[in-house]
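**Student:** Here it is, the structure in full.
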Amino acid sequence: MVSILADNIVSPLGFTTEQNYSSVRAGESALKLYSGKWNLPEPFVASLFTEEQNRQLQIDGLTRFESIAFASASRAISRADIDVSSPRTIFILSTTKANVELLGSADCDL
């Protein structure tokens with residue numbers, strides 16, 4: 001038997017599943033055309049966190065991805081009535097990004 005007890009979505013549209021759902025229902029999008037960002041030669045369309053959102057999510061000592069994952073997991077776990085230390089509990093993290101900042105760095109074991 002599988003049960004979903006809690007979930008959470010962190011995106012530029014909001015830091016909770018409910019905020020994201022409301023934003024999408026209202027027809028909002030965080031997609032934006034970026035030109036010259038990161039010195040890339042071609043413009044691109046993306047949904048990026050604002051600097052303010054990045055500051056709100058950042059946890060000292062963690063990468064940006066780790067900070068976002070921790071914030072999201074903490075919100076989901078706080079809403080679930082479970083013992084996270086139980087061997088019957090499984091945690092699944094699904095992401096489209098991962099820690100790409102570490103690619104090509106000495107901290108990345110590839």
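**Student:** Answer yes or no: is there a residue in the stretch 10-31 that is assigned to a strand (DSSP E or B) and either of a type in the set (Val, Ile, Thr) or out of contact with any helix residue (DSSP H, G or I) (no Cβ under 8 Å at 6 or more places or on another chain) (or both). Please lay out each step first, then the result.
**Tutor:** Quick first cut of the stretch 10-31, residues assigned to a strand (DSSP E or B) only: 11, 14, 31.
Right, trim to either of a type in the set (Val, Ile, Thr) or out of contact with any helix residue (DSSP H, G or I) (no Cβ under 8 Å at 6 or more places or on another chain) (or both) and you get 31.
There is at least one residue in the stretch 10-31 that is assigned to a strand (DSSP E or B) and either of a type in the set (Val, Ile, Thr) or out of contact with any helix residue (DSSP H, G or I) (no Cβ under 8 Å at 6 or more places or on another chain) (or both).
**Student:** In the stretch 1-19, how many residues are under 29 Å from Arg88 (Cβ atoms), free of Cβ contacts under 8 Å to residues at least 24 places away in the same chain and surrounded by 13 or more Cβ atoms within 10 Å (Cβ to Cβ)? Before you say what the answer is, go through the steps one by one.
**Tutor:** Filtering the stretch 1-19 for residues under 29 Å from Arg88 (Cβ atoms) gives 1-10, 15-18.
Checking the rest, the ones that are also free of Cβ contacts under 8 Å to residues at least 24 places away in the same chain come to 1-4, 17-18.
Cutting the leftovers down to surrounded by 13 or more Cβ atoms within 10 Å (Cβ to Cβ) gives us 17.
Residues that pass the stated criteria total 1.
**Student:** Would you please name the residue that is farthest from Gln19 (Cα to Cα), looking only at residues in the stretch 53-96 that are open to solvent by less than 90 Å² (accessible area, probe 1.4 Å) and charged (D, E, K, R)?
**Tutor:** Checking each candidate, the answer is Asp83.
**Student:** State all residues of the stretch 21-37 that are of a type outside the set (A, V, I, L, M), surrounded by 10 or more Cβ atoms within 10 Å (Cβ to Cβ) and either at pLDDT 95 or above or touching a Cys at 6+ places or on another chain (Cβ under 7 Å) (or both); if no residue qualifies, say none.
**Tutor:** As a first pass, look at the stretch 21-37 and keep what is of a type outside the set (A, V, I, L, M): 21-23, 25, 27-29, 32, 34-37.
Pick out the ones that are also surrounded by 10 or more Cβ atoms within 10 Å (Cβ to Cβ) and you get 21-23, 28-29, 32, 34, 37.
Correct list: Tyr21, Ser22, Ser23, Glu28, Ser29, Lys32, Tyr34.
**Student:** Within the stretch 38-51, can one find any residue that is closer than 23 Å to Ile77 by Cβ and open to solvent by less than 80 Å² (accessible area, probe 1.4 Å)?
**Tutor:** At the first step, the residues of the stretch 38-51 found to be closer than 23 Å to Ile77 by Cβ are 49.
Right, trim to open to solvent by less than 80 Å² (accessible area, probe 1.4 Å) and you get 49.
Yes - at least one qualifying residue is present in the stretch 38-51.
The values are calculated or read from the model by the stated rules, or taken from the named source; none is laboratory data. As the structure is a prediction and not an experimental result, all values here were calculated from the model. Note: ideal-geometry Cβ built from the backbone for every residue, glycine included; neighbour counts use all protein chains shown. The accessibility values were calculated without ligands, DNA or RNA, using every heavy atom of the protein model including side chains. Shrake-Rupley method; radii C 1.70, N 1.55, O 1.52, S 1.80 Å.
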